[in-house]
Amino acid sequence: MEAGLIQRPDLNYEEEQAKCARFLQEFEETYVKEGKTVVSRKYLDLLQSIANRETRTAEIDLNDLSMDEVGSDLVAAIVGNTLRYRKLFESAIDSLLPEPTVDIHSEDVFDVLQHQREELLRQAHQGEENAEIAVNALPPSLRRRFRVIFRPLVEKPLSVRQVSAKDVGHLVSLKAVVVRCTDVRPEVAVATYTCDQCGFEVYQEVVGMTFKRLNECPHCKETHGNGRLTMQTRGSKMVPFQQIRVQELSSQVPIGHIPRTMSVELRGEHLVRRIIPGDVVMIGGVFLPVPVTGFRAMHAGLIANTYLEAMFVEKMKASFADSSEDEEIDEEIAAHSDVYDKLARSIAPEIHGHEDVKKALLVQLAGGVTRTLGDGMRIRGDIHVCLMGDPGVAKSQLLRHITAISPRGIYTTGKGSSGVGLTAAILKDPITNEMVLEGGALVLADRGVCCIDEFDKMEESDRTSIHEVMEQQTVSIAKAGIQTTLNARASVLAAANPAYGRYNKRRTPSQNINMPAALLSRFDILFVLTDEADVDRDTSLARHITYVHQHGEAPSATDDDGESSVFSEKVIRAYIARARRFQPFVPRELSEYISSTYVQMRQSELERGQHAHSYTTARTFLSILRISQALARLRFSDQVEQMDIDEAIRLLQVSKSALDDSDEFGMGGVGLDAVSAIYSVIRDHALATGQETVTVSSILPKVLARGYTEAQLNQCLHEYEDINVFQMNMDRTEIRFV
């Protein structure tokens, strides 16, 4: 028996088939067109389209069945025994299929072979009463030019983790993300053989991926002949076949668990070539086991040897919240006028401080508006943020929180990701030995946020692989004969540590984290988080941490009235979901204001010359526009106002102020360049000798040769000793790198 085909002795399947036929004949659909109420026979029109060869898919909507008096009894039966009722509907359609209303002249190869078979069968049974019976003896699946599929009921789809053994043979609906796709190839539905002795045609209906070829002719066997069968490829019926691998969404994975995956088989023109890795899809299909001796005996699925035969596939857009949460958002907005500050405080409230950083992350979640020009060029609206600085300033915690808020948040680390792990890879399927395309973290985060921790630990070749993703938001693949482009419309949130333990403000950001300027300029906002000793700030931080450990919440989590002063993650997702519906634009009267501000930023940087640690480029101008649009979205407005532009510029200036902080010598002082240069001399000497400890006597001649003084050398040693980069011995004659 075919896998998943359930035989119930308490049912009369002839009566069930009659119910299917009555539903197809009697179902009426009522709708309004041009002010008039129209009643149509939806499925009779569908049958006529099939007869006219205008469509090859007979889609049965279970929502129509549930509303129909005849079909309402069939819904539960179809969900519980899908393959059986698909055969019943196929037989019902065969009996009801009308004659074509158009003249079909474009006969394909199958039509010609079908006509030849009918003529041969009529000649072989000429004069016999069963001539027409012999013609109809051809396998129904060979004569059938359509495929029955069921559209699932409108209900909340399951996750991969929720599907279990009790669902075998049932119609299930999944919501998952596509991680792997194979090429489309033909699959044999009906194999046709010809006997080399008597010319007799033998037909073999194929169920599943594999079948055992027939060798002996059954007709010759009856006459004690020895005819051998030869498979006729052109006479066999093939269907397009594609296999994909889906993975449960990050929001569906319990903390500490590995995401589960499942194999999905797509058959028919209506399903193949419709999805690519990274797509979030809703799939309706039959959950089936694989025979132990079958082709995929070792294929790991949700449970041992399982897969989903898809009948219905629909792409879905990732959203931050369901529309059912809108009323809750209205109440929150009405109760709090200063929603912008409260939303920012609600991002990781257990983390002390970082108010402007949290506002930047809130702006990143809202995002700007993606513009598509007339020539097809796209200007991204996603905002990229980079957090860099000293260890222990909660960079990773912020990334984790953003991953939890975003509906498609992917968290990865630079050390644990390679270029193909972030973008895409061409792999060989261990079962079919075919080259398959598998999406990486940035592809899976399409329409979401990809958080990359330890960005500085990535290899140079891996880091440069995301250049295209951050600007063009695509991943181009040209490997192993596969050339394609995948969407990676994701916001990148990166965190990096300094190259030498702690952040050195005398050096540029690219020198501190060893990031190329080409990649650095692609970030819209760059924040430097430093850990500096300050009595007031350290006292406040210590009290905050102590309170969190005592009460399990942040001190600011409740106000004086005992009400919550921060939003929950559910409310934040719903708020962002509504905000992203708006498409704000910059009015003409503000264009000159933005332009003049950008020019002033460029001139100010020019005046500072080589001492400027930040760079203002045309991408900075686009960043101002994107951040302004995100702020307008947070106000639920379709128009950018001047206060949005001012806040966007303020965020950029605050982020750059940390980059441009000067030391006690002041910007442009002699000590700044000298100290950095002397440190480079000491580091290069240590690398050249391969020693962790160097002597001051060996360094002093090199420093004096460069034109620096012994006082400047001592200043360098003191400063780098204070930030725990150097350690000096008691006599201060040896330098040891920490």
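Scanning the stretch 84-93 for any residue that is among the aromatic types (Phe, Trp, Tyr) and modelled with pLDDT of 85 or more turns up at least one such residue.
The residue list Glu201, Glu187, Glu248 contains one member that is in contact with a helix residue (DSSP H, G or I) (Cβ under 6 Å, 6 or more places away or on another chain), surrounded by 15 or more Cβ atoms within 10 Å (Cβ to Cβ) and of a type in the set (D, E, K, R), which is Glu248. Filter the stretch 699-726 down to residues that are surrounded by 14 or more Cβ atoms within 10 Å (Cβ to Cβ) and not hydrophobic (A, V, I, L, M, F, W, C) and give me whichever is nearest to Asn512 (Cα to Cα). Per the stated criteria, the residue is Tyr720.
Considering only residues that are touching an Asp or Glu at 6+ places or on another chain (Cβ under 9 Å), in a strand (DSSP E or B) and not aromatic (Phe, Trp, Tyr), which ones fall in the stretch 188-232? Residues satisfying the conditions are Ala189, Val190, Ala191, Thr192, Thr194, Cys195, Arg228, Leu229, Thr230. Any chance the stretch 25-48 includes a residue that's part of a strand (DSSP E or B) and of a type in the set (Phe, Trp, Tyr)? So far as the stretch 25-48 goes, yes, one or more of its residues are part of a strand (DSSP E or B) and of a type in the set (Phe, Trp, Tyr). Taking residues in the stretch 631-652 that are small (Gly, Ala, Ser), and partners anywhere that are assigned to a helix (DSSP H, G or I), the pairs with Cβ atoms closer than 7 Å and at least 6 places apart or on different chains are Ala632/Asp644; Ala648/Ile624; Ala648/Ile627; Ala648/Ser628; Ala648/Leu631. Of the residues making up the stretch 699-726, those that are in contact with a helix residue (DSSP H, G or I) (Cβ under 7 Å, 6 or more places away or on another chain) and of a type outside the set (Phe, Trp, Tyr) are Ile699, Leu700, Lys702, Val703, Arg706, Glu710, Gln712, Leu713, Gln715, Cys716, Glu719. If you go through the stretch 578-605 and keep only what is under 25 Å from Met388 (Cα atoms) and either at pLDDT 85 or above or of a type in the set (A, V, I, L, M) (or both), you end up with just Met601.
Which residues, taken from the stretch 159-184, are surrounded by fewer than 19 Cβ atoms within 10 Å (Cβ to Cβ) and among the hydrophobic types (A, V, I, L, M, F, W, C)? Selection gives Ala165, Val168, Val184. Here Ile383 meets the list (1) among the β-branched types (Val, Ile, Thr); (2) touching a Lys or Arg at 6+ places or on another chain (Cβ under 6 Å); (3) over 18 Å from Arg580 (Cα atoms) almost entirely, failing just condition (3).
The values are calculated or read from the model by the stated rules, or taken from the named source; none is laboratory data. In this text, all values refer to a predicted model and were calculated from it rather than measured experimentally. Virtual Cβ from ideal backbone geometry, glycine too; neighbours counted across all protein chains shown.
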